[in-house]
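This report refers to the structure that appears directly beneath it.
The numbers here are math on the coordinates, done by the rules we state, and not lab data. Treat the numbers as computed from the prediction; the structure is a model and nothing was measured. With ideal geometry, Cβ positions are generated from the backbone for all residues, glycine too; neighbour counts draw on all protein chains shown.
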Amino acid sequence: MKDKFTLGLELPTDPRWVNIAEKNIEDILVDHAYCEQKAASSCISLIVQYPEKEELVEMLTPVVAEEWGHFERVVEALRKRGYKLGKQRKDAYVEALNGLLKKGGGREEQLVEKLLMNALIEARSAERFRLLWKNIADQELSVFYYELMVSEAGHYKNFLSLAKTYMPEDYVESRWRQLLADEAEIMKRMEVRGDRMH
């Protein structure tokens, strides 16, 4: 039976990841901070590109504030541990996902591609936050990652729900299954690195 918290992901994170990540917590926190910044920026971009989509604006406006709040909390976690934010690193996972996006199509189809991509990133983030919550010794960070796991799982549902607002549900479900399968293949090919959130 599939773990109910996989959020549909076809391939769970390699269990070695969390052990390596704990030994590289400064790198993980720096990378995580930028992930939150990019999540906020992505929602802002969607609002700016599709201001006429009232449901989207209403649903994503609070998500922008929430993701930026997460960024601030991760920066604070860095400071408390004597670390600095550092430079943004290349995100090979998201770059690979962007290669899955369909080109062309109508405005709604392109919107759904972006919404499903965001849903996929949030699902993988929530899955990794769960691993950190359950496995790291730093109790403060463990509680923090539990809170973020719940939040990101909610955002994943938001993006999927919005996609079904703008395209027929059977189309969205079919495309989502394809993206999940493609994401699993990307995960199989990626090196297990403990200095990246993805």
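Compared with the dominant principal axis of the Cα atoms in the chain, helix 107-135 is inclined by about 20°.
Relative to the dominant Cα principal axis of the chain, helix 169-189 is inclined by about 40°.
What you get for the chain, charging only the Cβ of Lys and Arg (+1) and of Asp and Glu (-1), is a dipole of about 600 debye around the Cα centre. Exceedance of the 23 Å cut-off in Cα-Cα distance is limited, within the set K114/K164; K103/K164; K80/K188, to K80/K188. When the chain is treated as a Gaussian network with alpha carbon springs shorter than 10 Å, the biggest mean-square fluctuation among S161, S42, S174 belongs to S174.
In the chain, helical runs assigned H by DSSP with n ≥ 4 each contribute -39500 (n - 2.57); averaged across all residues and rounded to the nearest 500, the mean residue ellipticity at 222 nm is -25500 deg cm²/dmol. Axis angle, to the nearest 10 degrees, between helix 139-166 and the longest C-alpha principal axis of the chain: 10 degrees. Computed over region 16-189, the Cα gyration tensor eigenvalues convert (square root of 5λ each) into semi-axes of 29, 18, 14 Å, ordered from largest to smallest. Rounded to 0.05, the FRET efficiency of the I44 and Y83 pair, given R0 = 22 Å and the Cβ-Cβ distance, is 0.25.
With the simple spin-label model, which puts each label point 7 Å out from Cα in the Cβ direction, the V57 to R73 separation comes to 2.8 nm.
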